[in-house]
Each structure stands twice: as structure tokens, then as C-alpha cells.
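Notes to accompany the following structure.
The values are calculated or read from the model by the stated rules, or taken from the named source; none is laboratory data. Worth saying up front: this structure is predicted, and the values here are computed from it rather than measured. Positions of Cβ are generated from backbone atoms using ideal geometry, with glycine treated the same way; all protein chains shown enter the neighbour counts.
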Amino acid sequence: MSAIVRPRELASLVLAGLLVVLMVTTDGGSASAVGPASGGEGAFSKTRTITRVLAATPAPEETSPSPTDPTDDDPTAEPTDDPTDDTPQDVVDSRQFTLTVDHTLNLRGRERVKIDWSGAHPSGARAANPYGENGLNQEYPVVIMQCRGIDDPSLPEAQRLKPETCWTSTRQQRSQSTDAVLGVWRHDLKATKADRELKSGLTDLPKECVDTKSDATHTTPFVAANGKVYAACSADTMPPEAAVGAALPPAEVSAYSDADGKGSVNFEVRSSAENESLGCSDKVPCSIVAVPIMGISCYDDNYDCRREGRFEAGSSNFANEGVVPAVSPLYWWSASNWDNRVSVPLTFGLPPDACAVLDKRPPTAFYGSELMNQASLQWAPAYCLNQQRFKFQHNRMGDDPAFVLVENGQAPAAFVSGAREAESTTERIGYAPTAVTGFAVGFTIDEPGNAGERQQLNLNARLIAKLLTQSYTGSSRGQQHPGMEANPMSLNVDPEFNALNPGLDRIQREAAATVLSLSESSDVISSLTSYLNADPEAKQFIKGARDPWGMVVNPSYKGLKLPVSEFPLRDTFVPTSGLECYQQNPAPYFSQLAAPVNSITKIASALLDAWPNVQTKCDRASASDPFKVGRIDRQGVGTRFMLGIVSLGDADRYGLRTASLQTASSVGPSSPFIDGSGRTFVAPTTSSISAAVKLAKDKGSRSAFQMTQDMLRKQPAAYPGTMIVYTTAKIRGLDKEDAAKVSAFIKIATSEGQVPGSGNGKLPGGFLPIVKTGATAKLWASAQRVATLVAAQKEAAAKPEATKGAPKPAPAAPAAAPVDAPQDDAPAAAAGEGAATATDDIVATSAQSSGAAGALFPVLIALALLAGLGGPATRVVHLWRNR
Amino acid sequence: MTAVWSGRRRLARPPQLWPLVKTRPASTVPVPDNLSIVSTSLTVLAVVCVWLVMQLFVLGGLEQHRAQDRLYGEFREQLAAATAPVGGIIEPGTPVALLSAPGLGWSQVVTEGTSSGLLLDGPGHRRDTVLPGQAGVSIVYGKSGTFGRPLQAMLNGAAGQKLTVTTGQGELSYTIGAVRRAGDALPAAPPSGGSRITMVTAEGEGRLGRLAPDEVVYVDATLDAGAFVAPPGRLNAIGPAETAMASDTSVMPALALSLGVLAAATVGVIVARRRFGAIRAWLVGAPVIVALAWLSVDLTTYLLPNLL
């Protein structure tokens, strides 16, 4: 035996080494993952010269005019006493700024696009949180915003973008008021005469804005999509979406460029669904505007205007100290800054409710797997906008209940991602592979020292098992849990995690003690837990074995039988606390930490916002109100640490980072380690998912492909989170019309629906296309077979069960659920019961009676009489005898 | 517990503390222990039987009226707040509809679930069918003989009357059909958009029929069009305890517990009677025992067929 194993081990070691090398060399692409989302979807790139021009000081040598032609102001329009005309100008800084965006077409709400740039001025005074107003105290950042309109002078005024249509979350980012001498924008070389006045921008301010007469004030109002003008001179005069504590955190960012002038950011775009005032949609074009701050160009020798930054390039500004206004992002709207902008035109996809609005036909609802979310979002318009096709609707639901709906004839088809036991049914159900995708462990983790977001994370099954079984204690309250005193408080202080992921901070947090997961039953959880079950380290850990560092499983989960489709919340430990709040609200602490949610999409948005669902925040309205416990705050940029189970489709859409999962290990389960050597970690990529799909075994049209975790473990390059989603439908007894629709759906979904792209009917990123050739060939063939079977509906009937009648045709309206009635009660009523619903034959109501019911009262009354008379009678008899 | 009556005194009474307590006067003829046990047992059995009958016919009615009052208030509040359940999986015991037949002066709040215990409060809606008022067939179970006889009114001259159904989705008027007994024709499935409420209860035959409701009978109320949409997500299957004439044995642990407590309370009263005197002991003990007896009998009725 060992003679056979050794070469294999060697081979796997070599393979693992190769993979590690491959992963290191191709690092950076892990921002998630599968699918060609980056190619052919409107990738954008533009290079332009950006400059800072200062009016020449006494002895000017070069008198080159500004290379960028000021669009709005004509120098001749300047007043004669204006020094601009005759003062020689000096280009003090000129750079070639290149901006690229990975995709810009058919964007959806909250989708993140990756923006990279080079050639910007190196930034200084880096803020921990660059978003919204928190990013204002930086020097030479690149301000990136979303603006309504397109930067094209040939368009009518209303469709052009301008500072007034650019979204900012706070007043401070667009309207400034300062001591007159510090109003550096008034010295802007390119400013119009009006902008050099003491009061500029919107001068007719509403009453609620207090403006000191002597101060220099510039107000950049916000013009909403409906034409309403918000003065933006105080928090109250901002659009409603900019309210304090708005539903979504700010997306606009003052991004940092490194010492080479390079930088990158994942920018989240907002559609009209998230931000109605900004109002970007498929009909209203919008742009991303990047304003690289070079410093304001000045026409005179004003000291404040001409200043350079006071922070060194690459420095941090944790203390949030003041910066030099002329090089800060504060005056991005000032003409010379604004002139340096690069704008990226965007198009938005149809809103999720497009089909409901545009197509009045009744929908045909497919129920089931949330993994299909992003695909069905893009597929639905390709059906409902085509009158030749039906109106496709995907209702998200657990895989199990969706499958039951199909079995009962209440839904024409369901999306599931695993075989279902078909016992106790007379139905024949076909499985058509429709999409290849999967789950991932998404993460939002910041590198320590303000070094940006972590791009890559390695997780093995034992770490996931520790998180899911709530074996991290979270805080000193959790450490009171009997049997877990020695466990680390959170993932990032676990030596095992640190061995696999060196270089992260060791600040313990409650949010890092858990992975946000699903509360509902789902095939994703089955798949994840079978991954844990197939891994010897994780399996032994859950059985109760200590990990090499002495950590032990939470006793409430010890011996938990895996896999499960719904992860239980078993721990009921209520810690004691000296705090009044926790005394008033005693609750199982570990359930508050885990707090699973009911949909994968919610996990994705929690990760996007870095807002853990940990429910341990104490709060009260006032000192006299009782405390209540709620969700903790969003994590601050710079120290974020959060994990969640996401679908690959969501991860790709929202630009979430996904962890690489361990597929093979040559290290013994109980030996300690200090790094990831001997272990193979695989990220979800096209190749790793193809490798997994290659292993799937066809089990016929009436069952899912066989792709167990034990099979996947044999191929270290296969991503263990791979899942195949099937369209399941009856292949016998389905309504003719529905059968035709389902069959057409399967055919369209496996042809047109597998073309990668962002357009209607295309396959979004995060999915592996199912095509005729290659790894997915057998899936494609199986789908075509099942499509034919569904259309034909001629599958031989299964053996009818003794207790059931002939299979009933599906009722006309799926909503009018249970067929007919009272006879369902009657265990004895068998004959002809099924037929009664199908035909108009007269069928008699069956008899049902209960002997107990009939006998009860007579017996009770007889007994009462007998006993009531008998008692006294015995005594009377006794007395009579003794007389 | 009867044995204790003739058992030995366990706690010695302090001689002077309770001068009011008198020793029992010795009976002229000493009753032998055996006889005493037999006659007392029979008396207790009679009391239990009479109590059971009383509770099913009289006290249960009071209890059911009270429950209906409470449910009506609760449901009214939910309707006003638009929080009345309209679909999905509903907690058993929650009010789901108000059925009223103005022509009969009859009205009942229907709760979710049809197990024996739930039907003590009033008619129950079978959980695997659509709610009353929704397209399809909705099944409502109710008692006809005991506990306020909620569905008795449907069995006598209700045919042709209007049945008003009020739910969280609105109000509809159904027409009540004739009582359907074994052998009668089953009605056809309702047309698309139509709705039927089948009320299921029990009826006896003959002179003592009211005392022996052993046959399941059905009353259909129909609505031809305009029914509300039934949201998906209802249960697909129910337990055996929720079918017609089934009993609910899940109550056994609770019943055993309550009987145990009742026995303990009785023993406690007897002990207290020897110590503190009959008046005091019964003054304190009687409410406790009556309450426990009431509870025990209520729980016992869970074991009876639910439509009784």
C-alpha cells in the first residue's frame, strides 16, 4: 500500500508547489474570480496630460500657456485689471495621467468596478477612511465620483456632466466657506470672473444657511435627476440620500496614489434604485469622474494658493490633521482641478423590476437556488422583452422547498444544486444542468498599517469549521463558556490562521470570531459542510480533537453530524456580565455573534458595507430608557475584518474578495505548522472550477451529476466550492404549456445564456459557461437530453404507490393548492379519490366515523350513574347487614 | 389518594394551638377499611365522570366563549393593523378568519390548526389548505357537540344562508350548501378564481344523536368568483393529529404532570385539613384543586377525537 502511496504523495507535492508558484505569480487577479467579466464589457482606458500652472514669479524663463484649453472662460473676457492677461505663466507640474476601468457597460446597482491609474501626483497624508468627507484631509489624492451626464460638449446642456451633477455624501465636500484670505479658489487661474468673487456658485442661498458676510463662500448646488436643485449649503439642504446615517455608506472616494503615482480602487456605482436623486439608470447615462488633484493653478502670487503639500509623499494622517487646502480634495470643483478630470461614461443595465414594468403577461415562476441570482437578473429581460418567449421569473427559495413545489405540481420548474431523494413519489423528474457556479468565503480585510485591502486569503477546512461551530470566543464574555477558556478570541489571533495568512493584525474583534452564514436550508450549506466533513482536520476537530495549538471545538457542536443543509445554532450559553445592558438583555452570546441571515445577497451587501451582523451593540435612546441590544457599527476602513459565505455570482458582481480554500495537504492533521507549505489552496477561477466539473459523473437524466467532496479531494486543482445548478422539472405529467416553456428555457439557457457578457440574456461573471466542448460537454449534452424529455412528457409512469391514486394532472392555477378536500382526511377513503378532482364524475362522500366519539358520552354517563349510585349503595348494604 | 382518608395521622397536632379543631365524632358503626375504600372509590369515580361531562358540555362552553372573545379582539386588532396572516406558515392557534352567518346570528373566529387541543378554542383551519377566502378549497374543522358547539349551527337549517368571511385580505360572502353526509355527491373542484370552504364536523344519529356524534359530516360554502389570491408557501403535509377525528397524544407528558400536581395538591389539602381544620384547608385548597382539575380535564380532552 505504502509503496503505491509514496509516488502519489510526491506527485501531489510537486503539483502543490507548482500551484503555489502559479498563485504567487498570478497574484492580484483574485479580486474574484471566475468568468470573463473583465473582457469585452466596455473596458475603458484614457491618457491625458494634467498640469498645475502658476503665474510666474519675478523672473520667468518659460512662458508656456496652459496646454489644456480652458473651456469656459475666455481670457479676453477677463477684466483689464486682471493680472492673468499679461503675467507670464509657468507650468510647474505636468504629468501623463492614465486611467483604466475594467468594465463600464450594463452596470447594476452597487456593482463595483475596478479603477487603476498611473501618473498621478504622489499622495500624502493618507486617511484611514478615504470615503466621503473622511477623505478630505489628504493631499494630492485622486477624487473619484459618480456624476450624472456625459462629458461631451456636443450634447445639450441637460445631458452634460458638471460639478453640480456629481454626487457627494456631505455638504463639506461641495460647498465651502472660509476666511476671505484662505479662499484659494478665488486665485484659480482658470476661474471665471464670477468665481473669483467673494461669494460664488449658488449665491442666492436659502434662509437656513447662515453665511458670514466677510467670508469667502463657494456653493456647488446639487441638481437632482428630477431637476430639483438642492442648495447644498448645509446638511439640511442636501438631497435626502445624503442624510446623516444614510442607508448606504459613501461611495465617492479620495483615493491615494503611491510614490510612483499609481493607485487603484474598487468603486461602487449606484443606480437610481439606491440613489434616486443621482438617478443613474438604463435611460439616464452617467459617468465616473476622476479628478487627480495636482494643486490649484494660480494667476497671482497668493501664498496659500501656490503652496505645495506639507506632508511627505506616502505619509499617513491618522490624526486627521489639517492639510494644505490648495492640494486637498476639498476644491475638486475649482476650475483648474476640474479641468484635469478624466470622465468614464457608464451604461446601466435594466433595473431588476424591468420585466414587471415592461411586460404585462403573467410570469412563469421558477423557484429555487439563490446561486442563480445574478444570472437570472440578466436572463429575465431576454425572455420578457421577447414576445415569442414566455415571461421568466426566478423566485428565490431554499432548494428543498422549491423541489417539493415541483413534485407537487405547484411550480413548473425549480433550480436546485444537488440530487434529491425521489423516494415516496410517483413523479419522474429530470435534472438539466443550467449553470456552473458555486460558493466562496468572501472577505473584507484591511492590511495593518493603512496599507489597503487584503487581496488574498487562505482558509483550510478546520478554520471554517472553527468559525461555523462558534469555537472562537469573541470577547471576554464568550471566554466564560465552559470548556473554551483556552480558545483564541477571534480568527486573526488563531496561530493556525496566522500561519496560513501572515502579516495581518492581531486585534481581537467579535466580528472576526464568526463567518456570516445562512439561517435557511440551502444546498450551499450542504456543500460547504460536506467539504468540512471530507477534510480529516476539520472532521477530527468537530469530533472533539484539539487542534495542534490546543484549541477545542465548542462543546455544543461536538460530534455534530455533517453534512447538514441548515447549520444549527446550538449554543445556548448566556454569559454573566457586570454591565447593566447585558444584565437587562441576557441572551445566548454565541448566537448573537453568529446571527445568520436568510439570504446570500444580504451577506454580500454586509461584506460590501463591512457591516458585520454581530448583534452585541448596547444602545439606548436616553439615560432613562432601557438598553437594547442591536447590530454593531460598520467597521472603519483600515481595520476591517469580516468574512461571509457568498455566491460566486454575487462576489463577481460586487467585486468581493474571495478566499482560497485548501484542497490538499501533506501535513498530518495534528501536527502544528508555521506556514502553508505542503498545503494547496485554490481560488475560484475558471480553471479551478473547470477542474472540478471535469470530475462530475453523469448519473442519468433523472438525477444530478455525482460530484462529491471525496471526489474533489482527489484533484487538488479543483475548487471545492464548485456547484452545478440544475433546472428540475417533471418529465411526466407536466402541463403541456409549462412543459414547452421549461424545455425552451433549458435550451436557451444552455446556448444563448452561456455566452459571457453583461448584456441581457448573457452569462454574468462568476459562472462557468456550459458549452458543447471541453469540461462542460457532458453537462451540455445532459441538458439537451432533459430539454427533449421535458418537452415530450412521455416518460413511463412510475409504479403507483398503494396509498395514492393515479398521478393527478397539475391544477390549472398553481396557487389554488390542495385539490379537493374532505376525503383527504379519510384514511379509509381510497377508491376513485384522485379521479374526483380530475373529472366531473359524481363521487360519493366517503363515510368516516369514530367509535370513540360515539361511545364516549353514553359510557361516561353510565359510569357516572353506576359509580354514583354504587358508592352509597355499598354503605347502605353494610349498614343493613349490621343492623 | 383515597387511601389517605383512612390512613394514619402523620403530623401530630399541637394540643393547644388550634382549639377550634374538633376530632371527628366516632361513627356508631365502625366501617371496615375495605368497604370504605370501595365506596369512596366509586364516589370519586362518579365525581370524575360527572365533572368530565360537566366540563365538556357546560364549563367547556364557558371556556370556548371566553376564548372566542379573546380571539375576536386579537383578530380585530390584527385586521385594523393589517397584520392578520394571509399566507405562508402560520403559528398554530393564531386567528386567521372570522366566519359569520348573519342570518343565523352565528359567528366564530377560526384559528390555524386542527389538532384536538386547538379546536377547544373554536373552529380550526386545516394547515395544508388555503386560507378561507383564498382561491381553492379551504377546510375548517370544528366541534359540534362539546365546548360551545361552534359548528352545530351549520347542521340545522343553515343551507342557503350567506356566510361572511373576513380575513386579512378582505371580506367575501359565500353561500352555505346542504349538509353533506357519507354517500352524498362530492362537489366538483371550484372553478378558477372560485373558492370553497368545507366545514367538517361530527353528527350522531337517532334520539341520542347529540350525545353520540360519531359520523363526520361536511358543509360546503361556495364562492364562484372573486376569491383572493393564495400566496404560495403553505404546508404540504400535516401530522396525523390534525386529521378528522384524530386525537392528540402529544399532550401525554403535560397531562401526566398536571395529574401528578393534582394528586399532590389533594394530598396537601388532606394533610392541611388535619393540621389547620377543614374550613381553612378547603378555603385555600379548593380553588387550587378546581383549577388543577379543570386543567387536567382540558388536557384529557386532547385525547378525545377532535371533532367531537
Selection from region B:229-250 of residues that are over 20 Å from the mean Cα position of the chain (by Cα) and surrounded by 23 or more Cβ atoms within 10 Å (Cβ to Cβ): B:Ala230
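Residues B:Ser100, B:Ser144, B:Ser107: which one is polar (S, T, N, Q) and either buried (at least 24 other Cβ atoms within 10 Å of the Cβ) or within 14 Å of chain A (Cβ to nearest Cβ) (or both)?
Values: B:Ser100 fails: either buried (at least 24 other Cβ atoms within 10 Å of the Cβ) or within 14 Å of chain A (Cβ to nearest Cβ) (or both); B:Ser107 fails: either buried (at least 24 other Cβ atoms within 10 Å of the Cβ) or within 14 Å of chain A (Cβ to nearest Cβ) (or both).
Matching residue, one of B:Ser100, B:Ser144, B:Ser107: B:Ser144.
Taking the condition touching a residue at least 40 places away in the same chain (Cβ under 8 Å), within 27 Å of A:Ala792 (Cβ to Cβ) and in a strand (DSSP E or B), does A:Thr727 pass? Show your work before the answer.
On the way: touching a residue at least 40 places away in the same chain (Cβ under 8 Å): yes; within 27 Å of A:Ala792 (Cβ to Cβ): yes; in a strand (DSSP E or B): yes.
It is true that A:Thr727 is touching a residue at least 40 places away in the same chain (Cβ under 8 Å), within 27 Å of A:Ala792 (Cβ to Cβ) and in a strand (DSSP E or B).
For B:Thr175, are the conditions met, namely being among the hydroxyl-bearing types (Ser, Thr, Tyr), in a strand (DSSP E or B), under 23 Å from the mean Cα position of the chain (by Cα) and more than 7 Å from every other protein chain (Cβ to nearest Cβ)?
Details: among the hydroxyl-bearing types (Ser, Thr, Tyr): yes; in a strand (DSSP E or B): yes; under 23 Å from the mean Cα position of the chain (by Cα): no; more than 7 Å from every other protein chain (Cβ to nearest Cβ): yes.
No: the conditions fail for B:Thr175.
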Count of residues meeting criterion [assigned to a loop (DSSP other than H, G, I, E, B) and crowded, with 17+ Cβ neighbours inside 10 Å] in region A:342-365: 5
Some residue of region B:143-161 being farther than 24 Å from B:Asp214 by Cβ, of a type outside the set (A, V, I, L, M, F, W, C), touching an Asp or Glu at 6+ places or on another chain (Cβ under 7 Å) and part of a loop (DSSP other than H, G, I, E, B): no
Residue within region A:552-565 that is polar (S, T, N, Q) and farther than 18 Å from A:Gly474 by Cα present: yes
Sole exception among (1) part of a helix (DSSP H, G or I); (2) surrounded by 16 or more Cβ atoms within 10 Å (Cβ to Cβ); (3) away from chain A (no Cβ under 12 Å); (4) hydrophobic (A, V, I, L, M, F, W, C) for B:Ile90, by number: (1)
Of residues in region B:290-308 being in contact with a Ser or Thr (Cβ under 8 Å, 6 or more places away or on another chain) and not in a loop (DSSP other than H, G, I, E, B), the one modelled with the lowest pLDDT: B:Thr301
Boolean, A:Glu485 is more than 30 Å from A:Ile731 (Cα to Cα), without any contact (Cβ under 8 Å) to a residue 24 or more places away in the chain, part of a loop (DSSP other than H, G, I, E, B) and not aromatic (Phe, Trp, Tyr): yes
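For (1) at pLDDT below 95; (2) within 25 Å of the chain's Cα centre (by Cα); (3) buried (at least 24 other Cβ atoms within 10 Å of the Cβ); (4) assigned to a helix (DSSP H, G or I), each residue gets a yes or a no:
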{"site": "A:Glu427", "(1), (2), (3), (4)": "yes, no, no, no"}
{"site": "A:Gly430", "(1), (2), (3), (4)": "yes, no, yes, no"}
{"site": "A:Thr444", "(1), (2), (3), (4)": "yes, yes, no, no"}
{"site": "A:Gln455", "(1), (2), (3), (4)": "yes, yes, no, no"}
{"site": "A:Ser476", "(1), (2), (3), (4)": "yes, no, no, no"}
Test result for A:Ile115, at pLDDT 90 or above, outside any loop (DSSP other than H, G, I, E, B) and under 31 Å from the mean Cα position of the chain (by Cα): yes
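Is region A:139-151 home to any residue that is among the polar types (S, T, N, Q), in contact (Cβ under 8 Å) with a residue 60 or more places away in the chain and not in a strand (DSSP E or B)?
Initially, region A:139-151 is screened for residues among the polar types (S, T, N, Q), giving A:146.
Checking the rest, the ones that are also in contact (Cβ under 8 Å) with a residue 60 or more places away in the chain come to A:146.
With the extra rule that they be not in a strand (DSSP E or B), the set shrinks to none.
No, the conditions are met nowhere in region A:139-151.
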Odd one out for A:Ala798, checked against (1) modelled with pLDDT under 85; (2) within 13 Å of chain B (Cβ to nearest Cβ); (3) on the phi < 0 side of the Ramachandran plot: (2)
Count of residues meeting criterion [facing chain A (nearest Cβ under 7 Å) and part of a loop (DSSP other than H, G, I, E, B)] in region B:209-238: 8
Candidate set: region B:180-195, residues that are in contact with a helix residue (DSSP H, G or I) (Cβ under 9 Å, 6 or more places away or on another chain) and either more than 7 Å from every other protein chain (Cβ to nearest Cβ) or in contact (Cβ under 8 Å) with a residue 24 or more places away in the chain (or both); chosen: the one nearest to B:Val130 (Cα to Cα): B:Ala189
Criterion (assigned to a strand (DSSP E or B), surrounded by fewer than 23 Cβ atoms within 10 Å (Cβ to Cβ) and of a type outside the set (Val, Ile, Thr)) met by exactly one of A:Asn266, A:Asn320: A:Asn266
Conditions (1) surrounded by 18 or more Cβ atoms within 10 Å (Cβ to Cβ); (2) away from every other protein chain (no Cβ under 14 Å); (3) assigned to a loop (DSSP other than H, G, I, E, B); number of the one not met by B:Val165: (3)
Residue, farthest from B:Lys162 (Cα to Cα), within region B:186-208, restricted to residues that are touching a Gly at 6+ places or on another chain (Cβ under 8 Å) and in a loop (DSSP other than H, G, I, E, B): B:Gly204
Every residue from region A:604-652 that is over 22 Å from A:Val253 (Cα atoms) and aromatic (Phe, Trp, Tyr): A:Phe627
Residue within region A:366-383 that is at pLDDT below 90, under 28 Å from the mean Cα position of the chain (by Cα) and part of a loop (DSSP other than H, G, I, E, B) present: no
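Does region A:377-389 contain any residue that is within 14 Å of another protein chain (Cβ to nearest Cβ), in contact with a helix residue (DSSP H, G or I) (Cβ under 8 Å, 6 or more places away or on another chain) and either of a type in the set (Phe, Trp, Tyr) or closer than 21 Å to A:Ala783 by Cα (or both)?
We begin by selecting, within region A:377-389, every residue within 14 Å of another protein chain (Cβ to nearest Cβ); these are none.
No, that holds for no residue.
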Out of B:Gln134, B:Gln161, B:Gln152, sole residue that is farther than 19 Å from B:Pro92 by Cβ, in contact (Cβ under 8 Å) with a residue 60 or more places away in the chain and not hydrophobic (A, V, I, L, M, F, W, C): B:Gln161
Selection status of B:Ser247, polar (S, T, N, Q) and away from every other protein chain (no Cβ under 14 Å): no
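Looking at A:Lys207, A:Lys213, A:Lys228, which one is modelled with pLDDT of 90 or more and surrounded by fewer than 19 Cβ atoms within 10 Å (Cβ to Cβ)? Spell out how you get there, then give the answer.
On the way: A:Lys207 fails: modelled with pLDDT of 90 or more; A:Lys213 fails: modelled with pLDDT of 90 or more.
None of the others qualify; the one that does is A:Lys228.
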Index of the failed condition, B:Leu259 passing every other in (1) more than 12 Å from every other protein chain (Cβ to nearest Cβ); (2) at pLDDT below 85: (2)
So A:Thr178, is it within 25 Å of A:Ala242 (Cα to Cα) and either crowded, with 22+ Cβ neighbours inside 10 Å or of a type in the set (Gly, Ala, Ser) (or both): no
Conditions (1) closer than 23 Å to A:Ala853 by Cα; (2) surrounded by fewer than 17 Cβ atoms within 10 Å (Cβ to Cβ); (3) touching a strand residue (DSSP E or B) at 6+ places or on another chain (Cβ under 6 Å); (4) of a type outside the set (Phe, Trp, Tyr); number of the one not met by B:Pro150: (2)
